[in-house]
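All remarks here apply to the structure that follows.
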Amino acid sequence: MMKQGIYEILFNFELAPNVFRMVLKGDTSALLSPGQFVNVKIDGLYLRRPISVCDYDKETITIIYKVVGVGTEKMSKMTAGDKLDLLVGLGNGFNAENDCKNPLVIGGGVGIPPLYGLCKELIKFGKKPTVILGFNTSSEMFYEEVFKLLGLDVYVTTVDGSYGTKGFVTDVMKNLDYDYFYTCGPMPMFKAIESIAKTSGQYSFEERMGCGFGACMGCSCKTKYGNKRICKDGPVLEREEIVW
Amino acid sequence: MMKQGIYEILFNFELAPNVFRMVLKGDTSALLSPGQFVNVKIDGLYLRRPISVCDYDKETITIIYKVVGVGTEKMSKMTAGDKLDLLVGLGNGFNAENDCKNPLVIGGGVGIPPLYGLCKELIKFGKKPTVILGFNTSSEMFYEEVFKLLGLDVYVTTVDGSYGTKGFVTDVMKNLDYDYFYTCGPMPMFKAIESIAKTSGQYSFEERMGCGFGACMGCSCKTKYGNKRICKDGPVLEREEIVW
Amino acid sequence: MVNTKVDLCGIQIDNPIIPASGTFGFGYEFAYNYDINMLGTFSFKGTTKDPRFGNPTPRIAETPSGMLNSVGLQNPGVDKVISEELPRLKSCFKKPVMANVSGFSVEDYAYTCEKLDAEEQIGWFEINVSCPNVHGGGLAFGTDPKNVAAVTKAVKKITNKPVIIKLSPNVTDITEIAKTCEAEGADGVSLINTLLGMRINPKTRKPILANTFGGLSGPAVFPVALRMIYQVYNAVNIPIIGMGGVSTAEDVIEMMLAGATAVEVGAANLVDPFACKNIIEDLPKVMEKYKINSLSEIIGGAHNG
Amino acid sequence: MVNTKVDLCGIQIDNPIIPASGTFGFGYEFAYNYDINMLGTFSFKGTTKDPRFGNPTPRIAETPSGMLNSVGLQNPGVDKVISEELPRLKSCFKKPVMANVSGFSVEDYAYTCEKLDAEEQIGWFEINVSCPNVHGGGLAFGTDPKNVAAVTKAVKKITNKPVIIKLSPNVTDITEIAKTCEAEGADGVSLINTLLGMRINPKTRKPILANTFGGLSGPAVFPVALRMIYQVYNAVNIPIIGMGGVSTAEDVIEMMLAGATAVEVGAANLVDPFACKNIIEDLPKVMEKYKINSLSEIIGGAHNG
């Protein structure tokens, strides 16, 4: 279950323009699966900021976040030794334990981080996912090499063609074989994937949240199996249940 | 005139239970007389906190404050190297330049700090003020020795008699010769002084302030010469003008 | 030992701390975080006759020291509340619970309350006539004293349990509405519901909330809540449940001094799931600090002298 | 080069930034801090027929992201404003100024405005019918549309200068009052005045403000202000001066998108005497960030689509 705690920042540096990687030290026992998130209290702001977990081990949590507003901007200015109040172990993450053989992992921009933890988990279950990472342009790229270090095949697309395949993740996806997919990224990417996907899969959604742990109904969505809360029943939903 | 600036904390330590002395480094050119105050911006709180200046030189300001609420509590937890946003040079301080020969300086509790700067100023003008410092009890005492280091006669009173003269500042004051007085402290002390004072003098008042620089009319008081603002026309008022 | 017990419309509660409706679900999910039996009680998710999905998302926006929500009374409807939610609650909460009910007509309210009235665990009804998010962004049902009177009368007729009417702050004179409730037999009033507010995204140049407007809650509204509680305490003789931005045990003391018999905690639960637990644990310390032996003695204390 | 000019009731101002009445005195004291001619204009301290000391102290209390004041219209009275304050202002401010006028009867308002009307430097009248601190803590004069109509009519009769009515947020339906102003010939409305609030000191168990209640301002009220401006923009065709918790150039953009033609800055001046200077200097940068060429083009922009 969710835990609240004070975490110490070990590292916080810029990976790509306005994209930061932060490593936090503290109790990680509440984390159960990749795709879960933490909810970060920031001095001077009322609501916590939900940030997906990129990776974790027994005592550290790695998050990657983009500076998009006043909250993430404050986070970006914090340094090693600073402390953050986190709720940890939130959300229903990716289910890596299914009977697919050849999964495809597709990430777009700041949707990419939780897919790193997912790939590690898939590998643990004996699978070798193929990875597609989509960016706008080469200068915004991050983590291609880190995925490659897992021994995976990694395809990169850039909208302007400045690196990898010119175009969108679907331009690569349509030519690949796979029997399942996992994805996290912006809504236009989801819609493009949905239009060409040939198999089952899991989507990780984003929504403005109130609490992040299922209490406020701030981030509800309709699914084929009833109303769900992105923060608690999601952020990962199965393709079959999603109402587009 | 008032200046705004960022000041670095050089020292911040507890002088007496809940009474802290903080030394700040930065531009002091706006300070013109003892009895003026600074207005301190504290993270997470909307209004600034007015704190009287105890002493200053070309590049440091010393303030002494008591922890009485959430603002001063936050201040008490700051450490050397932390920065504070201050408005400096606020208020109309003590006028040490008058033709008295034998001034009396009377302070009560946390009203004492600005009187230290006043004594230094009086000495500069060739006077040797007599000092009375009133406390509730010996454990709450501070700055007796610091005043003595100026070469002044210092009388201490404590309400419980645990140090110095048992009783109130007026129990000493009534037996002393003086031709002028300066005072800062709580309202009951002011009323006691007013009832026995034989000469002219100056009182430094306290009031809940909005801005601290005369804009909001939050701290107005009536005087014999019209309405005045404690923050701008005060905090020091002359005995002759005060309406009790 | 300090005494935190208060009498809320004839039912004694161990302490005056009540998670507010819409911030605590049907309770059982918070039971994973701490033993919710430590609460005075809690007010469950606003329940309507029919199931409701509520408003489109985004439903949440941040504000200085507060937040906006435009959830719009999402709930499974009274039948499922009775068949699914209350049985789950029963397994982890042994005290009387407060049933929060909303509706779109006098008949709606009466229908829903009548069904819930049979549920033994329900100790009080809290009748929400003031949700700002369910009438097309316009004025809440409860800004008109006539509507409030009709609902109060109808609900009082079908139940013998205490009926507390939850009031809107978006009115010129809240005491007028409170007096109407008292006149129609309400056993208490709770206030304030959220203040109607909005935010705009300067990038998209559109309102942040899909519903344009939403209800403001959080510490930002605390001084407005306090003022209205103080005014209503002067106007009526029935108990007041105070709410609006309460985050600490100190806030609880301040609100009780204004006139509240008990205090609901809302937005604070969303930022800190342990907020109510922390407040309840801090209360004895804060009472000692202010030399308060019994909380019930300070209700309305700021009106003396 | 971005264009920050807007037309406020027929007078073009260099930018929409206007220090709010009661937070900027009669201007000249801020002239020691910076050249106040950089302002769009400013609204001077609320002026009444007779001199007023205002309410007893304490008049100020802090709140989360805001403050309460119960100053109660302290001012030297219209005669001294004309004989002493305006001449001092003239020496440091070369633009038309906004005359903020309060009163306790229709005759009061007319009397004060008639005297001020002869002053050449006055460009606009801002008629405060909504001060929460001068009627025994009760309802402001301006919560009744009849009063507002009578004052608007009376002031319009004695001056040809633009008349802007400053509205209270402490009402059920602010659009009703705004429409009344428009119908009676008002040239604009300004909103919101402060929300009525209070704080209690748990040590003394008494209200912090000597006047019990005070007006809440600061960022806490920003979302409420924004909502009311948005509603009033839909209801009337006269310009709106927005105010309520504006602290940054981003806030200015948000308020103009809601429907404000110009923006008053109040409490922020008290926390940071350079607030208006900073906002004016930041505006071009923020306009570029949001791809705004001319501020006047975004007025009410959040209503599109």
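What follows is calculated from the coordinates using simple rules that are stated; it is not laboratory data. Since this is a predicted model, take the numbers as computed values, not measurements. Every residue, glycine among them, receives a Cβ derived from its backbone with ideal geometry; neighbour counts consider all protein chains shown.
A few points about this structure:
- Nearest-ten-degree value, helix A:187-196 long axis tilted from longest Cα axis of chain A: 30 degrees
- Average beta carbon contacts from partner chains per residue of A:203-213, 10 Å cutoff: 5
- Computed [θ] at 222 nm, helices only, for chain A once each DSSP H run of length n ≥ 4 contributes -39500 (n - 2.57): -4000 deg cm²/dmol
- Three principal axis lengths of region C:75-132 [C-alpha, angstrom, descending]: 33, 21, 18
- Pairs from C:Lys94/C:Lys161; A:Lys128/A:Lys222; A:Lys77/A:Lys166 whose Cα-Cα separation, in the structure shown, is over 29 Å: A:Lys128/A:Lys222; A:Lys77/A:Lys166
- Cα-based Kirkwood hydrodynamic radius, region B:45-109, one decimal, Å: 14.8 Å
- Förster radius 45 Å - calculated FRET efficiency between B:Phe13 and B:Asn102, Cβ distance, rounded to 0.05: 0.80
- Cβ-Cβ FRET estimate between D:Gln12 and C:Asn278, R0 fixed at 45 Å, reported to 0.05: 0.25
- Residues whose placed amide H lies under 5 Å from that of B:Phe94, excluding near-sequence neighbours: B:Gly35, B:Gln36
- Kirkwood Rh and Cα Rg combined as Rg/Rh, chain A: 0.94
- Shortest first, A:Met1 label-point distances to identical copies amount to 6.1 nm, with the label point at 7 Å from Cα along Cα→Cβ.
- The value for region B:149-215 of Rg(Cα) / (2.2 N^0.38 Å) is 1.34.
- Cβ-vector label at 7 Å, D:Gly10, separations to other copies in nm: 6.6
- With 10 Å bins from 0: P(r) over region A:3-90, alpha-carbon pairs, percent: 19, 58, 23, 0
- Relative counts (whole %) of C-alpha pair distances in region D:164-305, using bins that are 5 Å wide: 2, 10, 18, 19, 18, 14, 9, 5, 3, 1, 0
- Modelled this way, with points 7 Å down the Cα-to-C-beta line, the labels at D:Gln121 and A:Val146 are 6.1 nm from one another.
- Both radii are taken from the alpha-carbon atoms of region A:103-204; with Rh as the Kirkwood radius, Rg/Rh is 0.92.
- Net charge, D:Lys156 excluded, C-beta distance under 11 Å - Lys, Arg +1, Asp, Glu -1: +1
- Three semi-axes of the equivalent ellipsoid, region D:43-201, Cα gyration tensor, whole Å, largest first: 24, 21, 14
- Between A:Asp171 and A:Tyr225, the distance separating the two model label sites (each 7 Å from Cα on the Cα→Cβ line) works out to 3.7 nm.
- Position C:Gln121, label points 7 Å along Cα→Cβ, spacing to each other copy in nm (shortest first, one decimal): 7.0
- Value in Å of the Kirkwood radius, where chain C supplies the Cα pairs that are averaged: 19.1 Å
- Scanning residues 5 or more positions from C:Asn201 or on other chains, those with amide H under 5 Å from its amide H are C:Lys206, C:Ile208, with H placed 1.01 Å from N in the peptide plane.
- Relative to the longest principal axis of the Cα atoms of chain A, the long axis of helix A:113-124 lies at roughly 70 degrees.
- Inter-chain Cβ neighbour average for residues C:201-213, partner chain, 10 Å: 5
- Computed from phi, the 3J(HN,Hα) profile of region D:71-82 under the Karplus parametrisation 6.51, -1.76, 1.60 (θ = phi - 60°) reads 4, x, 6, 4, 6, x, x, 4, 5, 6, 4, 6 Hz, with x in place of Gly and Pro.
- Averaging 1/r across all pairs of distinct Cα atoms in the protein assembly as shown and inverting the result yields a Kirkwood radius of 31.6 Å.
- Exposure proxy order (Cβ contacts within 10 Å, fewest to most) of A:Ser204, B:Ser139, B:Ser33: B:Ser139, B:Ser33, A:Ser204
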